[in-house]
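Q: A single structure is presented below for examination.
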Amino acid sequence: MIEVKNLTKKYGRRRVLENVSFTAEKGQITCLIGINGVGKTTTLKAIMGLTPYKSGTILIDDEPLTKTSYEKITFIPDAAIMPPSMTIRDAFEFMKDFYGSWNSARAEELLAFFKLKEEFRIAELSKGNIAKINLLMGLAIDVDYLLMDEPFSGIDIFSREQIADVFTSHLIEDRGVIITTHEINDIEHLIDKVILLDNGSVLKEFYTEEMRSEHGKSVIDVMREVYRA
Ligand SMILES: Nc1ncnc2c1ncn2[C@@H]1O[C@H](COP(=O)(O)OP(=O)(O)OP(=O)(O)O)[C@@H](O)[C@H]1O
């Protein structure tokens, strides 16, 4: 489990996260939702140790982030992560050399799943295909937790559907996933847990199934209540 407790972060004098607390379990998809600039990416970066924070605790399977926890967790950003001059084949070779836990068989399977070819060059990929390659790179490392920043943002409906299919396939296995989004429509059915953020604070944390069965509300219903209040 990933536990974020009372995370507070400032950029200069500006407070961008204020006592943010939530948990994300293994085997579940947790979604950080909020409009642009509420602090979703900053939260993911703090979990990964990519940005310092003022106060708070972040635990991964009950332990603070250390060199060994990096074997447990990976971050999939929303921009190209590989140099544009590389082909997908070069990128695979790079990842294989860099990560002991690179799973070549899974990478090949994902490449076929997304109907991409090894000879494609990163520079030539569309935004949707960049998103697929990023997802592929993250999923092909054998880690327990995946953090994904806006995996569905700005890409066409068919690519979204393909990416969504990965979330319901064996390719995710029993890993814990945290994704950020400001558009919930297409992915509501995939999500186990929701964290609603606003102005750097958690407004509400809930399980989607519980919300549906006990209160008859969808994520969008709850968002309307919370954000319009
Ligand atoms: N390096 C930085 N220096 C100063 N301020 C920053 C920096 N990075 C982010 N911020 C500010 O911190 C706040 C939170 O940014 P963050 O990127 O976490 O938001 P977000 O919810 O991920 O937004 P988006 O949906 O647009 O990606 C924003 O107001 C942003 O302007």
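Each value in this text was obtained by applying a stated rule to the coordinates, not by laboratory testing. Since the structure is predicted, the reported quantities are computational estimates derived from the model, not experimental observations. So basically every Cβ, Gly included, is an ideal-geometry build from the backbone, and we count neighbours across all protein chains shown.
Q: Would you kindly state how much longer the chain becomes between residue 116 and residue 98 on full extension, computed as 0.36 nm times their sequence separation minus their alpha carbon distance, in nm to one decimal?
A: Extending this stretch completely gives an extra 4.3 nm.
Q: Can I ask one more? Using 7 Å Cα-to-Cβ label points, what is the residue 79/residue 184 separation (nm, one decimal)?
A: Taking the two extended label points, one gets 2.9 nm.
Q: I'd like the FRET efficiency for residue 71 and residue 169, computed as 1/(1 + (r/R0)^6) with the beta carbon distance as r and R0 of 30 Å, rounded to 0.05.
A: Taking R0 as 30 Å, the efficiency between residue 71 and residue 169 is 0.80.
Q: Let me ask another. If you average the C-alpha positions of the stretch 57-109 and of the stretch 155-192 separately, how far apart do those two centres end up, in angstrom?
A: Here the two parts' Cα centres lie 19 Å apart.
Q: Any idea what the relative contact order of the chain is, in percent, if you count C-alpha pairs under 8 Å spaced at least 6 apart?
A: Value for the chain: 28 percent.
Q: For the chain, report the % of Cα-Cα distances exceeding 20 Å.
A: The proportion of pairs with Cα distances above 20 Å equals 60 percent.
Q: Still on this structure: Can you tally the lysine pairs in the stretch 79-212 where the Cα-Cα distance is under 16 Å and the two residues are eight or more apart, or on different chains?
A: Total qualifying Lys-Lys pairs in the stretch 79-212 comes to 5.
Q: Points 7 angstrom from Cα along the Cβ direction at residue 5 and residue 225: gap in nanometres?
A: In this crude spin-label approximation the distance works out to 2.9 nm.
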